[in-house]
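A short worksheet on the structure shown next.
The values are calculated or read from the model by the stated rules, or taken from the named source; none is laboratory data. As the structure is a computational prediction, the values presented were derived from the model and not from experiment. FYI the Cβ positions are ideal-geometry reconstructions off the backbone, even for glycines, and counts take in every protein chain you see. To get the accessible areas, we keep the full protein, side chains included, count just its heavy atoms, and leave off ligands, DNA and RNA. Shrake-Rupley method; radii C 1.70, N 1.55, O 1.52, S 1.80 Å.
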Amino acid sequence: MTGIAAGLTGFAVLLALMAIRIPIAVAMLATGIAGYGLVSGWMPLMAFLKTNTYYQFSTYSLSVIPLFVLMGEFATHAGMSRALYRAAAAFLGHRRGGLAMASIGGCAAFGAICGSSLATAATMGQVALPEMRRYNYSGALATGSLAAGGTLGILIPPSVILVLYALMTEQSIAKMFVAAMIPGIIAALGYMLAVAVYVRLNPAAGPAAERSSRAERLASLKETWSIILIFGLVIVGMYRGWFTPTEGAAVGAFGTFVLAVLHGGLRLPGLVECLMGTARTSAMIFLIMLGAEMFNAFLSATQTPMLASQMIVEAGLSPMMVLLAILLLYMAMGCVMDSMSMLLLTIPIFYPIVAGLDFGMSREDTLIWFGILAVVVVEVGLITPPVGMNVFVINGMARDVPMWESFKGVTPFLISDVLRIVLLILFPVISLGLVRALS
């Protein structure tokens, strides 16, 4: 069997294991171990497992992941989601579809502290769903807006997926965070515009709530100053060099811990729950990383990435055509895979290809731009059927809404996502402008 045939066989086995509901981390690990052993031998496999596993997980830079996860856990217990939602609802709730827009705004702001899409969707869903039910919002708009808004958690910094991408491609975590800020704001505004169009076509789907007084609006803003302070300190401190990304994550985690104690009433049982939640999430991420590393080692042994790169170069396709093909593949994979697994599996294959293409930018700018595009497309997979993990999370909280109605509700937001991807492709300055301005 040729190298590329062995690699394609490995992909087929991986998809078959996923089809029978084997967890993606276990599927990648099993396929990678069996494939590497058959291609390179069992003794080299033992040596690889012994050395690479220790080397990968003893890296100091990886400690940034559990710290940002812990920051999100504390933010949830501090009641930040309620404060952010109340502030957004005070300014937008009186409009048609305003509570759905407030949910998206709250998700964007909470994502800036949490960094996890599933956690953002679930936490904001607990706060916003009862309010939208009270004002007779349609099930499609209520669940669709929350599922879509939750995807902002992996784009707006700090983001675990952006950290993983930066570590895998040896890019600056701070620059990746800065590059994601404007695309994240555009995403939130695009989702709000989608709500505005939706309720204009179907006014009964999102009735207006009562208008808040000026005093109520000012009071709601006062509840959010500490959140803005923590976000600004983490992002600015990292970019200005006041502390490293790991130290920044520790500062953010400590700040949200203080808020959780003072304002969220966090006590010992809650602290234990936060630590256990962090341990579970971090263990899941690290197991997926190990599985992806093992599977990519198998692909490297078959020389599949190198042969694929060579085939693309020899095909004579323009750089833009190659990029579009990669993004279309991401969209297709997003229908059946979760976002983190997809990124960890494919970035080692795709980023050398993209780095070697001429887009009229430096290598660093190209990889930062591609990273933002990849995360945006991965984000779309979180609300794309048949998997759409965010849709399943929100639908599980709104059990009276049929699943098909929830997927129907995310359709306007998928259209917004496609338009946003086109903008990011045509105008790289959207991602790179702020990075260049601050350099």
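Taking 0.36 nm per residue of separation and subtracting the current Cα-Cα distance, fully stretching the chain between residue 400 and residue 247 would add 50.7 nm. Taken one residue at a time, the phi angles of the stretch 144-158 give Karplus couplings (6.51, -1.76, 1.60, θ = phi - 60°) of x, 5, 6, 5, 5, x, x, 5, 5, x, 8, 9, 6, x, x Hz. Gly and Pro are set to x. Annotation note: GluC sites (Glu not before Pro) in the stretch 179-263 located in DSSP loop regions with a Cβ neighbour count of at most 14 within 10 Å are 210. Rolling a 1.4 Å probe across all protein chains gives residue 42 an accessible area of roughly 130 Å². 3J(HN,Hα) along the stretch 59-64, derived from phi through the Karplus expression 6.51 cos²θ - 1.76 cosθ + 1.60 where θ = phi - 60°, amounts to 6, 4, 5, 6, 5, 5 Hz, with x in place of Gly and Pro. Taking label positions 7 Å along the Cα-Cβ direction at both residue 314 and residue 172, the computed distance is 3.9 nm, reported to one decimal.
Note on residue 50: aspartates and glutamates with a C-alpha under 17 Å away, same-chain residues under 8 apart excluded, are 293.
Accessible-area rank, largest first, for 413, 91: 91, 413, with all protein chains present and a 1.4 angstrom probe.
Within the listed set 67, 268, 141, the residue fluctuating most in the Gaussian network model of the chain (springs between alpha-carbon atoms under 10 angstrom) is 268.
Percent relative contact order of the stretch 221-347, based on C-alpha pairs within less than 8 angstrom and at least six residues apart? This gives 21 percent for the stretch 221-347. Per-residue extension of 0.36 nm, minus the Cα-Cα distance of residue 215 and residue 126, leaves a gain of 29.5 nm for this segment.
Loop-located chymotrypsin sites (Phe, Trp or Tyr not before Pro) across the stretch 183-278 with a Cβ neighbour count of 15 or fewer within 10 Å are 242, 243, with loop assigned by DSSP.
Under a model in which nothing but the beta-carbon of Lys, Arg (+1) and Asp, Glu (-1) is charged, the chain shows a dipole of about 1080 debye around its Cα centre. The candidates 365, 417, arranged from most to least accessible area with a 1.4 Å probe in the full protein assembly, appear as 365, 417. Per residue, the average separation of C-alpha pairs within less than 8 Å and at least 6 apart gives the chain a relative contact order of 26 percent.
Based on DSSP H segments of at least four residues, each scored -39500 (n - 2.57), the chain has a per-residue ellipticity at 222 nm of -26000 deg cm²/dmol. With the whole protein complex present, residue 58 retains an accessible surface near 60 Å², based on a 1.4 Å probe. Of all aspartates and glutamates in the structure, not one lies under 13 Å Cα to Cα from residue 222 without also being fewer than 8 positions from it along the same chain. Hey, how many Å between the Cα centroid of the stretch 246-265 and the Cα centroid of the stretch 357-387? If we compute the Cα centre of each part, the gap is 31 Å. Length gained on full extension, residue 189 to residue 135, computed as 0.36 nm times the residue gap minus the Cα-Cα distance: 17.2 nm. When trypsin sites (Lys or Arg not before Pro) are flagged only if DSSP places them in a loop and at most 10 other Cβ atoms lie within 10 Å, the longest unflagged stretch of the chain comes out as 22-398.
About the Cα centre of the stretch 258-392, how large is the charge dipole given +1 on each Lys and Arg Cβ and -1 on each Asp and Glu Cβ? Please answer in debye to the nearest 20.
340
Result for the chain in a Gaussian network model with C-alpha springs under 10 Å: among 291, 150, 232, the largest mean-square fluctuation is at 232. Across the stretch 169-180, computed HN-Hα scalar couplings (Karplus, 6.51 cos²θ - 1.76 cosθ + 1.60, θ = phi - 60°) run 9, 6, 9, 6, 4, 4, 5, 4, 4, 5, 5, 7 Hz from first to last residue, x flagging Gly and Pro. If you sort 415, 182 by accessible surface, 1.4 Å probe, largest first, the order is 415, 182.
Note on residue 94: accessible area is roughly 40 Å² with a 1.4 Å probe, heavy atoms of protein only.
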